[in-house]
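Enquirer: This is the structure I want to talk about, given as structure tokens.
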């Protein structure tokens, strides 16, 4: 299951972050918008997708790592290709 940007709020509401590492745009914003948010202690303040327990959340600023990690999870036998895609996506931020 994956979510990016404001989509992470739905997973927070559903309690899916209670026991897994996760990220979003901002932990305090999630806590404000989802008062029942469980798992604040598992929040990772990173600008990339986080994968834990089959859940793949990402901040809105990380569409490339989100796509790559989602592909890696869907196609575990194609990990090398997912890594290649991640490198391709990263090129948009260089130069």
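The values are calculated or read from the model by the stated rules, or taken from the named source; none is laboratory data. Since this is a predicted model, take the numbers as computed values, not measurements. Note that each Cβ is placed from the backbone with ideal geometry, even for glycine, and that neighbours are counted across all protein chains shown.
Enquirer: Just checking, does region 19-33 include any residue being in contact with a strand residue (DSSP E or B) (Cβ under 6 Å, 6 or more places away or on another chain) and over 17 Å from residue 1 (Cβ atoms)?
Expert: Checking region 19-33: at least one residue is in contact with a strand residue (DSSP E or B) (Cβ under 6 Å, 6 or more places away or on another chain) and over 17 Å from residue 1 (Cβ atoms).
Enquirer: Out of region 21-43, which residues are within 11 Å of residue 57 (Cβ to Cβ) and in a helix (DSSP H, G or I)?
Expert: Selection gives 30, 42.
Enquirer: Go over the candidates 79, 67 one by one and state the one that is in a helix (DSSP H, G or I), buried (at least 17 other Cβ atoms within 10 Å of the Cβ) and at pLDDT below 95. Spell out how you get there, then give the answer.
Expert: Values: 79 fails: buried (at least 17 other Cβ atoms within 10 Å of the Cβ).
None of the other options fit; the residue is 67.
Enquirer: If you don't mind, there's one more thing I want to ask. When you go through (1) part of a loop (DSSP other than H, G, I, E, B); (2) at pLDDT 95 or above; (3) at negative phi one by one for residue 61, which number turns out not to apply?
Expert: Evaluating residue 61 over (1) part of a loop (DSSP other than H, G, I, E, B); (2) at pLDDT 95 or above; (3) at negative phi leaves (2) as the failure.
Enquirer: I'd like the full set of residues that are under 22 Å from residue 9 (Cα atoms) and either touching a strand residue (DSSP E or B) at 6+ places or on another chain (Cβ under 9 Å) or in contact (Cβ under 8 Å) with a residue 24 or more places away in the chain (or both), limited to region 68-95.
Expert: Hits for region 68-95 are 69, 70, 73.
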